[in-house]
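> Quick one: the structure is below, questions incoming.
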Amino acid sequence: MHKALFIDRDGVINKEKNYVYRIEDFEFMDGIFEVLKAFQSNSFRIIVVTNQAGIARGIYSEADFESVTKWMLDEFANQGIEISDVFFDPYHPVHGIGKYKKDSYDRKPRPGMLLKASEKHDIDMESSFLIGDKLSDIEAGSRAGLRHLFLLKSERYPEVEKSDFDYVLIDQLKDVLNFIDKNTDL
Ligand SMILES: [Mg+2]
């Protein structure tokens, strides 16, 4: 089995803006390369899990998402960072148009994407980590059996710190590095 870092995209990998689907709007977060390199060198697989309701709403297409994703993966590769997989959910239960109107088990806070990723990559959830910027990320992680859950403080989504799920609130991405060492048993 492998351990993984599950990472949300908008607000964690790239700065949160309204619907990032163009390369020119994609701005990497401070510390993201350093953090992913550190996880990688501690033998974590890096797996992106992202809700993309902009597709459901018809703001951009799956092809748009895929092309910005390809660019993002190339930028990571240039930094020596390998992303093992990218899972995205293009649906929305209310605002989805046509086939994209669906109450999807993959859409966070539901755990579908994480469970699929776990099975596909043979992930040990107990020793894996998740970083998100919304409580829906934390909830999905908790429901998927993750125990190391990190909520990055966000100006845009100032979360109430009260939640049914245990997580660590971090001010900046690299604060998560303080927690890797405890977890090198695999
Ligand atoms: Mg986010």
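Each value in this text was obtained by applying a stated rule to the coordinates, not by laboratory testing. All values reported here derive from a predicted model rather than from experimental measurement. Positions of Cβ are backbone-derived with ideal geometry, glycine not excepted, and every protein chain shown enters the neighbour counts.
> Hey, which aspartates and glutamates would be in cross-link range of K120, C-alpha to C-alpha under 12 Å, not counting anything within fewer than 8 residues on its own chain?
By straight Cα distance, K120 reaches D85.
> Figure the gain on full extension for E126 and H2 (residue separation times 0.36 nm, minus the Cα-Cα span) and round it to one decimal in nm.
43.6 nm
> Please give the calculated 222 nm ellipticity per residue for the chain, where each DSSP H segment of at least 4 residues contributes -39500 (n - 2.57) and the sum is spread over every residue; nearest 500 deg cm²/dmol?
Rounded to the nearest 500, the figure is -8000 deg cm²/dmol.
> Could you work out which residue, out of E82, E62, E24, moves most in a Gaussian network model of the chain, that is, has the largest mean-square fluctuation with Cα springs under 10 Å?
E24
> Same structure, new question: With +1 on each Lys and Arg Cβ and -1 on each Asp and Glu Cβ, how big is the dipole of the chain about its Cα centre, in debye rounded to the nearest 20?
Approximately 540 debye in magnitude.
> Restricting to the chain, compute how many DSSP beta bridges are antiparallel as a %, nearest 5.
About 5 percent, rounded to the nearest 5.
> Could you work out the relative contact order of region 1-70? I mean the mean sequence separation of Cα pairs under 8 Å and 6+ apart, divided by the number of residues, in percent.
Here the relative contact order equals 41 percent.
> So what is the relative contact order for the chain, in percent, with contacts set as C-alpha pairs under 8 Å and at least six apart?
So the answer I get is 24 percent.
> Taking +1 at the Cβ of each Lys and Arg and -1 at the Cβ of each Asp and Glu, which of A4, F179, G141 sits farthest along the dipole of the chain towards its positive end, judged by Cα position relative to the Cα centre?
Highest projection toward the positive end goes to G141.
> Among S127, S118, S163, what is the fewest-to-most ranking by other Cβ atoms within 10 Å?
S163, S127, S118
> Sorting Y105, Y21 on the 10 Å Cβ count, fewest up front, what's the list?
Y105, Y21
> May I ask you to sort K15, K134, K108 by Cβ crowding, counting other Cβ atoms within 10 Å and putting the fewest first?
In order of increasing Cβ crowding within 10 Å: K15, K134, K108.
> With label points built 7 Å along Cα→Cβ from the Cα atoms of I23 and R143, find their separation and express it in nm.
Between I23 and R143, the label points sit 3.6 nm apart.
> Using only alpha carbon positions, build the gyration tensor of the chain, then give the equivalent ellipsoid semi-axes as the square roots of 5 times its eigenvalues, largest first, whole angstrom.
24, 19, 16
> Let me ask another. Return the distance in nm (one decimal) between the two label points of a simple spin-label model at K101 and D166, each offset 7 Å from Cα along Cα→Cβ.
4.2 nm
> Measure nothing but the geometry: give the 0 to 90° angle between the long axis through the Cα atoms of 112-121 and the longest principal axis through the Cα atoms of the chain, rounded to 10°.
The answer is roughly 50 degrees.
> Take the Cβ-Cβ distance between E66 and S154 as r, set R0 to 22 Å, and report the resulting FRET efficiency rounded to the nearest 0.05.
Efficiency for this residue pair is about 0.30.
> Using the crude model of +1 on Lys and Arg Cβ and -1 on Asp and Glu Cβ, and no other charge, please compute the dipole size for region 35-92 relative to its Cα centre, in debye to 20.
Dipole about the Cα centre, nearest 20: 180 debye.
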